[in-house]
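Report on the following structure.
The values are calculated or read from the model by the stated rules, or taken from the named source; none is laboratory data. Since this is a predicted model, take the numbers as computed values, not measurements. All Cβ positions, even for glycine, are placed from backbone atoms using ideal geometry, and neighbour counts span all protein chains on display.
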Amino acid sequence: MTDIATRLLGRIGRGYRVVGPFSLVLVALVLAAIFAPWLAPNDPNSQNLLGRLKPPGTEARGILYLLGSDELGRDLLSRIIYGARVSLSVALLSVVLSGVVGTTLGMAAGYLRGWTEAVIMRLADIFLSIPAILLAIITVAVLGPGFVNVILVLALTRWPRYARVAYGQTLSVANMPYVRLARAMGASWPRVLLRHILPNIIAAMAVIATLEFGLMVLFEAGLSFLGLGVQPPTPSWGATLSVGRNYVTSAWWIATFPGICLFLLVLSVNLIGDRLSEYLNPKSR
Amino acid sequence: MTEPTLQITGLQVQVGPHKVIDGVDITVQPGQIVALVGESGSGKSLTALSVMGLLGGKLRHAGGTISLSGKQVDHTTEAAMRALRGQQVSMIFQEPVASLNPLLSVGAQVGESLVAHGKADARTAWSRAIDMLRDVGIPEPEKRARQLPSQLSGGMCQRVMIASALIARPELLIADEPTTALDVTIQAQILELMRQLRERTGTAILFITHDLGVVAALADRVCVMYGGRIVEQADVDDLFDAPAHPYTRMLLATIPRLDSPRKKPLFSIPGTVPDHDDWPQGCRFRTRCPLASDHCLQSPPLEPKAPGHLAACWHSDQVAGMIDHDR
């Protein structure tokens with residue numbers, strides 16, 4: 001008995017030992033994004049053509065480049081700190097938008113069934129069968145690039161994921177005796193959905209949203225890398241990576257530091273997501 | 001005479017081309033407890049769900065009328081049905097724990113039908129819910145109301161479900177095997193509670209069960225269902241004393257008796273209920289009935305055999321002597 005308890009505690013403890021430091025990484029990045037104007041040592045957009053491509057730790061014209069400077073002599077550290085704002089806000093807003101849209105449609109399909117189900121779920125299949133990057137390029141070509149459009153593109157490509165999970169969850173929850181009782185008590189279908197089904201599927205949706213968040217960070221970086229995302233001079237990790245690619249032999253730091261940040265952010269979000277799904281799924285506990 | 005609380009006439013329910021309920025008539029008078037008895041698959045629960053307008057999936061209402069207190073129920077519009085549910089007619093189910101939303105406090109769920117129908121705001125509903133919890137015998141209702149279903153026992157959850165069904169003072173409560181998942185002592189308590197609530201509020205109850213012991217303890221009148229039809233209908237004492245349908249007689253014979261000889265095998269009805277797409281022509285119990293004759297190829301009508309005692313059998317007069325050798 002105690003043996004099992006210790007092993008169980010050990011397992012939970014092990015999980016936290018891994019997740020703990022990485023959640024600190026996430027917190028640090030979020031704080032950096034929020035307090036960017038106070039934390040960044042320099043203006044991320046002020047150019048200094050005499051201080052171009054300086055390696056980390058050098059000083060030029062009274063500015064200390066802790067992580068070096070880019071091809072226009074802008075402080076890389078400041079650009080990374082401001083870039084966290086773009087990455088996190090794009091990821092957060094697109095997750096919220098696609099999550100709300102996808103969950104709503106998925107729940108409607110799973111509860112109302114019939115033609116609503118057919119239309120919504122086949123639409124989701126169609127969206128899932130189009131390569132995301134192609135859809136993104138077409139959308140940006142039509143709408144033009146920019147912060148809001150990146151969010152729209154991401155929401156447009158990712159809602160089917162939520163819709164499918166919400167659909168499956170709703171199907172199983174809708175057959176639960178408590179939903180039947182709520183209907184027998186005279187609850188209307190919006191009330192059944194919002195009060196009795198949504199709270200019981202929200203945990204699953206939260207897990208999907210966390211895992212999607214990491215994916216959205218990468219997606220935004222990818223779009224910016226291709227020049228389809230946030231437009232210069234707004235600092236973005238993806239765009240900085242893209243520039244750094246040209247200088248990777250002469251100025252390795254331009255691509256390396258945003259890459260490390262991207263890596264740490266996505267890894268920590270994914271680890272937290274895994275942990276969350278383990279925690280919320282009684283079978284794996 | 002007052003209008004019956006529930007009058008079902010010629011109810012038919014279909015799955016595709018098959019009739020799973022085939023002409024059911026049930027009348028429940030105000031304050032009466034009517035038991036609906038039968039094996040699994042005989043159509044008891046479907047009859048109840050038809051009254052609630054909650055037939056789902058491929059099931060559809062194919063004929064017959066349902067009237068509540070003299071007013072015919074309009075099954076075609078969901079809005080009209082919804083207005084009745086929880087207000088005029090409520091339903092409780094088996095699996096009391098699973099029938100409560102695991103994430104909502106018990107008090108909120110008891111008040112649900114008041115809030116869902118806009119009869120009360122959340123605060124009023126909450127205090128009414130606490131009163132109702134007290135009425136169904138839950139100790140410390142203020143404390144319990146804030147708890148989640150998982151913090152309550154099965155019997156408590158059934159009391160909570162009864163409270164939520166009766167909070168709007170419906171004229172009819174449909175109870176679909178409410179005590180099946182409970183152990184016998186709790187079962188007795190719940191039955192006693194339902195009897196008390198009937199005395200106090202005058203709510204009529206349509207009680208669905210396959211447990212004849214429960215029927216004897218609770219019901220005023222009994223309807224026996226087989227194969228989607230009512231085969232016998234009588235006051236509870238008449239039915240137990242002088243069953244007029246072989247199926248009822250055999251059901252009664254399946255109850256183990258303390259005074260039967262030791263090591264004698266328990267009685268069971270041979271065979272199983274046929275599927276609804278495979279019912280025999282004529283009397284549907286024909287294939288399992290020891291009294292069956294060629295006459296049974298024609299459907300027997302449900303007709304009076306004694307005052308207030310209806311049965312659908314050509315051989316009612318032979319029922320009394322059919323299993324006497326083992327009693």
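General observations
- Failed item in (1) within 11 Å of chain A (Cβ to nearest Cβ); (2) closer than 29 Å to B:VAL214 by Cα; (3) surrounded by 20 or more Cβ atoms within 10 Å (Cβ to Cβ), with B:ALA116 passing the rest: (2)
- Matching option when the condition is among the aliphatic types (A, V, I, L, M) and closer than 30 Å to A:LEU280 by Cβ, among B:LEU148, B:LEU206, B:LEU173: B:LEU148
- Among residues that are over 26 Å from the mean Cα position of the chain (by Cα), surrounded by 14 or more Cβ atoms within 10 Å (Cβ to Cβ) and either more than 8 Å from every other protein chain (Cβ to nearest Cβ) or within 22 Å of B:PRO149 (Cβ to Cβ) (or both), B:ALA98 is not included.
- The range B:103-113: number of residues that are facing chain A (nearest Cβ under 7 Å) and either charged (D, E, K, R) or surrounded by fewer than 24 Cβ atoms within 10 Å (Cβ to Cβ) (or both): 2
- Residue check for B:GLY155: within 29 Å of B:ARG123 (Cβ to Cβ), at pLDDT below 90 and in a helix (DSSP H, G or I): yes
- All of B:ASP74, B:ASP131 fail the test of being outside any helix (DSSP H, G or I), charged (D, E, K, R) and either more than 14 Å from chain A (Cβ to nearest Cβ) or in contact with a helix residue (DSSP H, G or I) (Cβ under 8 Å, 6 or more places away or on another chain) (or both), apart from B:ASP74.
- The set of residues in the range B:210-236 that are within 13 Å of the chain's Cα centre (by Cα) and among the aromatic types (Phe, Trp, Tyr) is empty.
- Screening B:ALA48 against (1) within 14 Å of chain A (Cβ to nearest Cβ); (2) touching a residue at least 60 places away in the same chain (Cβ under 8 Å); (3) touching a helix residue (DSSP H, G or I) at 6+ places or on another chain (Cβ under 8 Å) leaves a single unmet condition, (3).
- Some residue of the range B:117-127 being under 18 Å from B:PHE93 (Cβ atoms) and at pLDDT 90 or above: no
- Applying the condition of being more than 8 Å from every other protein chain (Cβ to nearest Cβ) and surrounded by fewer than 24 Cβ atoms within 10 Å (Cβ to Cβ) to the range B:79-93 and asking which residue is farthest from the chain's Cα centre (by Cα) yields B:ALA79.
- Restricting B:ALA62, B:ALA120, B:ALA35, B:ALA83 to those that are in a helix (DSSP H, G or I) and outside the structural domain of B:ASP275 (by TED's automatic domain parsing) reduces the list to B:ALA83.
- Strands (runs of 3 or more DSSP E) contained in the range B:162-261 and holding at least 1 residues out of contact with any Cys (no Cβ under 6 Å at 6 or more places or on another chain) and farther than 26 Å from A:ALA187 by Cβ: B:204-209, B:221-226, B:229-235
- Checking every residue in the range A:119-130 against the condition of being away from chain B (no Cβ under 14 Å), charged (D, E, K, R) and in contact with a helix residue (DSSP H, G or I) (Cβ under 6 Å, 6 or more places away or on another chain) gives zero matches.
- Residues that are free of Cβ contacts under 8 Å to residues at least 60 places away in the same chain and either surrounded by fewer than 16 Cβ atoms within 10 Å (Cβ to Cβ) or in contact with a Leu (Cβ under 6 Å, 6 or more places away or on another chain) (or both) within the range A:53-68 comprise A:GLY57, A:THR58, A:GLU59, A:ALA60, A:ARG61, A:GLY62, A:LEU64, A:LEU66, listed in sequence order.
- Given (1) touching a helix residue (DSSP H, G or I) at 6+ places or on another chain (Cβ under 7 Å); (2) within 22 Å of A:LEU24 (Cβ to Cβ), index of the condition A:TYR247 fails: (2)
- Yes/no for B:CYS223 being closer than 30 Å to B:PRO280 by Cβ and at pLDDT 90 or above: yes
- Of everything listed in (1) within 14 Å of another protein chain (Cβ to nearest Cβ); (2) crowded, with 21+ Cβ neighbours inside 10 Å, the single unmet condition for A:ALA203 is (2).
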